[in-house]
1. Residues being touching a strand residue (DSSP E or B) at 6+ places or on another chain (Cβ under 8 Å), of a type in the set (A, V, I, L, M) and farther than 18 Å from Asp102 by Cα: count how many of those fall in segment 16-60.
2. Among the numbered criteria (1) outside any loop (DSSP other than H, G, I, E, B); (2) of a type in the set (Val, Ile, Thr); (3) under 24 Å from Leu23 (Cα atoms), which single criterion is violated by Val93?
3. Tell me which residues, restricted to segment 89-106, are free of Cβ contacts under 8 Å to residues at least 24 places away in the same chain and either touching a helix residue (DSSP H, G or I) at 6+ places or on another chain (Cβ under 9 Å) or on the phi > 0 side of the Ramachandran plot (or both).
4. May I ask you to list the residues in segment 34-66 that are among the basic types (Lys, Arg) and at pLDDT 95 or above?
5. Can you name the residue in segment 1-25 that is small (Gly, Ala, Ser) and assigned to a helix (DSSP H, G or I) and is also surrounded by the fewest Cβ atoms within 10 Å (Cβ to Cβ) among such residues?
6. With the requirement that a residue be more than 11 Å from the chain's Cα centre (by Cα) and either part of a loop (DSSP other than H, G, I, E, B) or closer than 16 Å to Ala105 by Cα (or both), what does segment 64-90 give you?
7. Mind counting the residues in segment 8-54 that are touching a residue at least 60 places away in the same chain (Cβ under 8 Å) and within 24 Å of Asn73 (Cβ to Cβ)?
8. What number of residues within segment 70-93 satisfy the criterion of being among the polar types (S, T, N, Q) and open to solvent by 50 Å² or more (accessible area, probe 1.4 Å)?
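The values are calculated or read from the model by the stated rules, or taken from the named source; none is laboratory data. Given the structure is predicted, the values throughout are model-derived calculations rather than measurements. Cβ atoms come from the backbone with ideal geometry, glycine included; neighbour counts cover every protein chain shown. Surface accessibility is based on the protein's heavy atoms, side chains included, excluding ligands, DNA and RNA. Shrake-Rupley method; radii C 1.70, N 1.55, O 1.52, S 1.80 Å.
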Amino acid sequence: MAKASILIVEDDEDILELISYNLGKEGYTVVGVRSGEEALEKIGNVYPDLIILDIMLPGIDGTDVLRSLKRNNETAAIPVIMATAKSEDSDIVSGLELGADDYIAKPFSPKVLIA
């Protein structure tokens, strides 16, 4: 049985490759995009089982992507993990209040993310 499909939204190429490699190695189907605009476009075509979303993105930032996802009945149920360098308590609370299911501060271990 195939594992879940995961959309990674991360503008840092190295981090995107690291996350993609580790999740792919675990058997997940991984799609990566580097902007909020690409994420919103891709979600309509892929409908992932999970989204790993950075906050600080070029153009539409991660909080706006999250708001858009949670306002849309077709995407509101997709779980979202925020993975970002913004690690102040206020940032974490804000992300969770917007509807994120979890929040992981960078830098993080790929093993922690997979778990």
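1. 8
2. With respect to (1) outside any loop (DSSP other than H, G, I, E, B); (2) of a type in the set (Val, Ile, Thr); (3) under 24 Å from Leu23 (Cα atoms), Val93 is out only on (3).
3. Once the filter is applied, which keeps residues that are free of Cβ contacts under 8 Å to residues at least 24 places away in the same chain and either touching a helix residue (DSSP H, G or I) at 6+ places or on another chain (Cβ under 9 Å) or on the phi > 0 side of the Ramachandran plot (or both), segment 89-106 yields Asp102, Tyr103, Ile104, Ala105.
4. Answer for segment 34-66, where residues must be among the basic types (Lys, Arg) and at pLDDT 95 or above: just Arg34.
5. Gly24
6. Asn72, Asn73, Glu74, Thr75, Ala76, Ala77, Ala85, Lys86, Ser87, Glu88, Asp89, Ser90
7. Counting residues in segment 8-54 that are touching a residue at least 60 places away in the same chain (Cβ under 8 Å) and within 24 Å of Asn73 (Cβ to Cβ) gives 1.
8. To start, the set of residues in segment 70-93 that are among the polar types (S, T, N, Q) comprises 72-73, 75, 84, 87, 90.
Retained after the next criterion (residues that are open to solvent by 50 Å² or more (accessible area, probe 1.4 Å)): 72-73, 87, 90.
Residues meeting the conditions: 4.
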